[in-house]
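Before any comments, here is the structure.
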Amino acid sequence: MPRHSHRSRTRRRNRGRFGPLFKLLCVIGVIVALTVGATVFFRVERVTVTGGQRYTQEEIIAASGIELGDNLYSLNKVRIDRNIRTTLPYVGDLTINRALPSTILITVTEWEAVAQVAVPDPEQVAALQTARLEEDPDAEPVQTAQEPWLISVGGKLLEPAPADSGAIVVSGLIPVAPQAGSMLEVPEEEKTRLEALTALLKALEGEGVLEEISAIRLESTQLVARYAGRFDVKMKLNGDFRYDVRLMQAIREQMEQRDGENASGSMDLTRSKAVYSPNKVTSP
């Protein structure tokens, strides 16, 4: 009887000793089974694209690099996103989702070309090159734009602007090494101008008046926007553009009520109080 009790206690000790190891092996087995299952069974059989207008579904899928038969869970979403945005510069917002058991869903929102950055003034470019050489005599010449470039509201370079482009003409910037799909880059001393430009474009878009702006000239401390083909509007580079755009619209409405729908002039919004100067009407 004592011998039987001794054997029972030994078996219980053995079970207690190997219990954690058995549980660990079970967990590992489950993980291996799930991994093998995902590798073997979850293969890409279909890729669907929604939201594309400029680009076809086939173009977007080709740019993504996804191949039928790829493992659904080993796809690198970051790389796919980068591939599409780099190859297809008009792609803005982009989401990539898995739909079990075998589908990839890609949803895109495309940018619109709202502005075109004009070819920089040769004198500005020459001054930039001279300043670079003064800082570093061995510096390579800065590669600048040789043709106007279309950009999105956020400042993404889309493509060289065609001759018949109706996008807002932007002057006063020197685009450096422009490349479709990348963000507009300018010399360090022009960063403030670029930030002001994108902030203004977003404010104009938010107020629904992008199409009424035909040109924006960026200067050292201010910008001048051509509005409705009849008004020149000055704004500070560091101003509150959402407020300025609303004020610009309000002044136009007031002047058209006073002087008629063909009222024209200049608005100076850089002062503490806005100043409007009507254009002089010449007698026939």
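The values are calculated or read from the model by the stated rules, or taken from the named source; none is laboratory data. Note that the structure is predicted; figures quoted are calculated from it, not measured. No Cβ is skipped: glycine too gets one built from the backbone with ideal geometry, and neighbour counts run over all protein chains shown.
Here is how the numbers come out for the structure above:
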{"quantity": "Residues located in region 239-259, provided they are at pLDDT 95 or above and assigned to a loop (DSSP other than H, G, I, E, B)", "calculated": "D240"}
{"quantity": "Residues within region 97-131 that are outside the structural domain of I151 (by TED's automatic domain parsing) and free of Cβ contacts under 8 Å to residues at least 24 places away in the same chain, tallied", "calculated": "2"}
{"quantity": "Selection within region 123-156 - basic (K, R) and closer than 15 Å to P178 by Cβ", "calculated": "K156"}
{"quantity": "Q146 at negative phi, in contact with an Asp or Glu (Cβ under 7 Å, 6 or more places away or on another chain) and in a loop (DSSP other than H, G, I, E, B)", "calculated": "no"}
{"quantity": "Only one of T130, T192 that is more than 25 Å from T86 (Cβ to Cβ) and modelled with pLDDT of 95 or more", "calculated": "T192"}
{"quantity": "Total residues in region 181-231, condition within 29 Å of N262 (Cα to Cα), of a type in the set (S, T, N, Q) and in a helix (DSSP H, G or I)", "calculated": "0"}
{"quantity": "Conditions (1) outside any helix (DSSP H, G or I); (2) more than 24 Å from P122 (Cβ to Cβ): number failed by P178", "calculated": "(2)"}
{"quantity": "Only one of A115, A139 that is surrounded by 13 or more Cβ atoms within 10 Å (Cβ to Cβ) and either out of contact with any helix residue (DSSP H, G or I) (no Cβ under 7 Å at 6 or more places or on another chain) or under 30 Å from E189 (Cα atoms) (or both)", "calculated": "A115"}
{"quantity": "Options E253, E189, E219, E261: the member that is assigned by TED's automatic domain parsing to the domain that holds D121, surrounded by fewer than 19 Cβ atoms within 10 Å (Cβ to Cβ) and in contact with a Gly (Cβ under 8 Å, 6 or more places away or on another chain)", "calculated": "E219"}
{"quantity": "Residues of region 192-220 satisfying the condition of being on the phi < 0 side of the Ramachandran plot and of a type in the set (G, A, S)", "calculated": "A196, A199, A203, G206, S214, A215, S220"}
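Residue-wise test of (1) within 21 Å of G52 (Cα to Cα); (2) not in a strand (DSSP E or B).
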{"position": "V108", "(1), (2)": "yes, no"}
{"position": "Q124", "(1), (2)": "no, yes"}
{"position": "L128", "(1), (2)": "no, yes"}
{"position": "A131", "(1), (2)": "no, yes"}
{"position": "P137", "(1), (2)": "no, yes"}
{"position": "L150", "(1), (2)": "yes, no"}
{"position": "V153", "(1), (2)": "yes, yes"}
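For every residue, the table says whether it meets (1) among the aromatic types (F, W, Y); (2) modelled with pLDDT under 95; (3) farther than 24 Å from G206 by Cβ; (4) in a strand (DSSP E or B).
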residue: I80; (1), (2), (3), (4): no, yes, yes, no
residue: N83; (1), (2), (3), (4): no, yes, yes, no
residue: T86; (1), (2), (3), (4): no, yes, yes, no
residue: G92; (1), (2), (3), (4): no, yes, no, yes
residue: N97; (1), (2), (3), (4): no, yes, yes, yes
residue: P101; (1), (2), (3), (4): no, yes, yes, no
residue: I104; (1), (2), (3), (4): no, yes, yes, yes
residue: E112; (1), (2), (3), (4): no, yes, no, no
residue: P120; (1), (2), (3), (4): no, yes, yes, no
